[in-house]
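Enquirer: Next up is a structure, given as structure tokens.
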């Protein structure tokens, strides 16, 4: 059998070109900037890995990275269990199904900046329904001045916006479980918890891998909502990597460090996603290799 | 272990309730039946005849629209499945993927609460016994998801067998996914287990071989109704319904439309002697005779038939012949010559007369004439 066919490569060429223009060339431009310093508009000097060293050792980067990690961790810890819980509570048949699905899909249909604007106004203490009510009820709430309030506002907003995604994914996993599993569990006298632990959770595992990956990547790359709601403040309290990056690249026009930071940012997301994926699909791999020996 | 009594049980699925009142809308028509303690029953019938519905009513997965269900003398009609202590094995293997084989088997035992709770040593012993029973010792610590379909289904069976004190074990076509040569083995194993432990077992199938080899008593269902209950021998010798006659046996019973004339039946103008006199009956009258009880005789004797085909199935041959316009199957032993233009003779004692598909009993016939 022929393992190499030169003509076949012509068929792949259009895709290669598309990917080149959409991903590889822009990425190489960033790589290009990250190893050079620029003066004026067109003078570039080779600086090697200097920008990488600078970014990696800067406290500003460390702080933003920590904020990102904390934010993503909180988001995953809230949205995944909450999403599963809501999916479990949703009806499986009847008119309630469509109602629930439409309600769940609604937040997902709203553009990011609109979500940001909605919450920016909603949480304002002078005219926002939420902010005003909280203040009137005696809470000392002001997201523009208090770090904790700003974080809570962003987290609640993200939970409101994105838990639906986890719900829909979990729900799709739940409805695909054949009824015989629930029947067998009743025959075996399993408790509600055992049904969840040994049937529903394992059967949802594949969609949960997707949910965790999507929610991690999205929350780690969050930009629009904090930009609209808090603008990174108060102080630097909600300045995430993405906001910091934009300030550096466009605000201060430090193209070199910004490019180096983009690459580091990109590699972190890639690495963490890979770790999640490997850990969560480990079981499948074990089962596959086990089949060979049995 | 218990004697299971169905008292006028019937079921209608919710979606068909719109046709309320129509007898056809029943998935299971009103039925009373007793499953004796320790019996090995087969529930036989074509797909969609209500076998699974009946099974699920016994285990409590379905609440019947009407009727009463007793285990011994206790009314369990309203008890949830969990409290009925019933084991049920489904058509396709159901496993707890994240558990090992041994953990899967232990699961129903570990779920017990209160006075039924078992110690770890007891659980381990019962699981080990079940593993040996099913020949799965070498797989005990493998993850269940990595096994073949055969072994998975054995584990599903095993989860029923570890519970030695169950009221009954219900099998819902459990060998569908199993390789043919393993089916025999597993069925034999189930019979052994039945002899050893004396569980009440109800085995749903649409395969007559499976039903006849497994069960002491076979319950035949058709369109939501039990049409006959009996030993394999009884089903073969005295089918109460033309469906039983056709469904059991290979080939099935010959069912010929006929007219009655006292102690003779007239089929296509040929007269056949009957074991007793029958009164004049209305409706659709048919004569049933098994292919095994028809003899081919030389030209000029018996009722003349035209042979259309001869199938050699090894230890005997099946002759397909036309009696007038009606087809007959005749079993002819190996080595017996088949005449060129034969006639047929029916063994009088083996003839049954059916009115609207149901057997007219000989005693009824005698009484009314």
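The values are calculated or read from the model by the stated rules, or taken from the named source; none is laboratory data. Since we're looking at a predicted model, the values are computed, not measured. With ideal geometry, Cβ positions are generated from the backbone for all residues, glycine too; neighbour counts draw on all protein chains shown.
Enquirer: Within the range B:165-268, which strands (runs of 3 or more DSSP E) (wholly inside it) include 3 or more residues that are modelled with pLDDT of 80 or more and closer than 25 Å to residue A:184 by Cβ?
Expert: By residue number, B:168-172, B:201-205.
Enquirer: Going through B:327, B:281, B:287 one at a time, which residue ends up being at pLDDT below 80 and either assigned to a strand (DSSP E or B) or not assigned by TED's automatic domain parsing to the domain that holds residue B:207 (or both)?
Expert: Going through B:327, B:281, B:287 in turn, the sole match is B:281.
Enquirer: Answer yes or no as to whether residue B:309 is without any contact (Cβ under 8 Å) to a residue 40 or more places away in the chain, part of a loop (DSSP other than H, G, I, E, B) and not assigned by TED's automatic domain parsing to the domain that holds residue B:174.
Expert: no
Enquirer: Could you check the range A:20-44 and list, in sequence order, the residues that are modelled with pLDDT of 80 or more and part of a strand (DSSP E or B)?
Expert: A:36, A:37
Enquirer: Quick one: how many residues across the range A:152-181 are in a helix (DSSP H, G or I), within 14 Å of chain B (Cβ to nearest Cβ) and surrounded by fewer than 16 Cβ atoms within 10 Å (Cβ to Cβ)?
Expert: Qualifying residue count for the region: 1.
Enquirer: Moving to a separate point now. Do we have any residue at all in the range B:39-58 that's surrounded by fewer than 19 Cβ atoms within 10 Å (Cβ to Cβ) and modelled with pLDDT under 80?
Expert: yes
Enquirer: Please give the number of the condition residue B:82 fails out of (1) touching a residue at least 40 places away in the same chain (Cβ under 8 Å); (2) within 10 Å of chain A (Cβ to nearest Cβ); (3) part of a helix (DSSP H, G or I).
Expert: Exception for residue B:82: condition (1).
Enquirer: Any idea which of (1) part of a loop (DSSP other than H, G, I, E, B); (2) within 23 Å of residue A:196 (Cα to Cα); (3) at pLDDT below 80 is the one residue B:96 doesn't satisfy?
Expert: If we test residue B:96 against (1) part of a loop (DSSP other than H, G, I, E, B); (2) within 23 Å of residue A:196 (Cα to Cα); (3) at pLDDT below 80, just (3) comes out false.
Enquirer: Being surrounded by 13 or more Cβ atoms within 10 Å (Cβ to Cβ) and either without any contact (Cβ under 8 Å) to a residue 12 or more places away in the chain or more than 13 Å from residue B:303 (Cα to Cα) (or both) is the filter here, so list the residues in the range B:328-339 that pass it.
Expert: Across the range B:328-339, the qualifying residues are B:329, B:330, B:331, B:332, B:338, B:339.
Enquirer: Across the range A:184-201, what is the number of residues that are buried (at least 20 other Cβ atoms within 10 Å of the Cβ) and over 19 Å from residue A:91 (Cβ atoms)?
Expert: Within the range A:184-201, residues that are buried (at least 20 other Cβ atoms within 10 Å of the Cβ) and over 19 Å from residue A:91 (Cβ atoms) number 7.
Enquirer: Just checking, which of B:130, B:102, B:87, B:121 is assigned to a strand (DSSP E or B) and in the same structural domain as residue B:224 (by TED's automatic domain parsing)?
Expert: Answer to the selection: B:87.
Enquirer: Scan the helices (runs of 4 or more DSSP H) fully inside the range A:191-257 and keep the ones with 3 or more residues being under 24 Å from residue A:282 (Cβ atoms), touching a helix residue (DSSP H, G or I) at 6+ places or on another chain (Cβ under 7 Å) and away from chain B (no Cβ under 14 Å).
Expert: A:201-220
To keep it simple, each residue is scored yes or no on (1) free of Cβ contacts under 8 Å to residues at least 12 places away in the same chain; (2) more than 27 Å from residue B:316 (Cα to Cα); (3) under 13 Å from the mean Cα position of the chain (by Cα).
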position: B:167; (1), (2), (3): no, yes, no
position: B:171; (1), (2), (3): no, yes, yes
position: B:177; (1), (2), (3): no, yes, no
position: B:188; (1), (2), (3): yes, no, no
position: B:231; (1), (2), (3): no, no, yes
position: B:258; (1), (2), (3): no, yes, no
position: B:262; (1), (2), (3): no, yes, no
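Enquirer: Give the number of residues within the range A:31-62 that are surrounded by 16 or more Cβ atoms within 10 Å (Cβ to Cβ) and under 29 Å from the mean Cα position of the chain (by Cα).
Expert: 8
Enquirer: Looking only at the range B:343-369, how many residues end up being over 29 Å from the mean Cα position of the chain (by Cα), part of a loop (DSSP other than H, G, I, E, B) and modelled with pLDDT of 65 or more?
Expert: 0
Listed here are the residues, each with its yes/no results for (1) touching a helix residue (DSSP H, G or I) at 6+ places or on another chain (Cβ under 9 Å); (2) within 28 Å of residue A:192 (Cα to Cα).
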{"site": "A:84", "(1), (2)": "yes, yes"}
{"site": "A:91", "(1), (2)": "yes, yes"}
{"site": "A:104", "(1), (2)": "yes, yes"}
{"site": "A:124", "(1), (2)": "yes, no"}
{"site": "A:130", "(1), (2)": "yes, no"}
{"site": "A:135", "(1), (2)": "no, no"}
{"site": "A:154", "(1), (2)": "yes, no"}
{"site": "A:158", "(1), (2)": "yes, no"}
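Enquirer: Something else: Hey, does the range B:100-121 have a residue that's surrounded by fewer than 19 Cβ atoms within 10 Å (Cβ to Cβ), in contact with a strand residue (DSSP E or B) (Cβ under 8 Å, 6 or more places away or on another chain), within 13 Å of chain A (Cβ to nearest Cβ) and over 18 Å from residue A:194 (Cα atoms)?
Expert: No.
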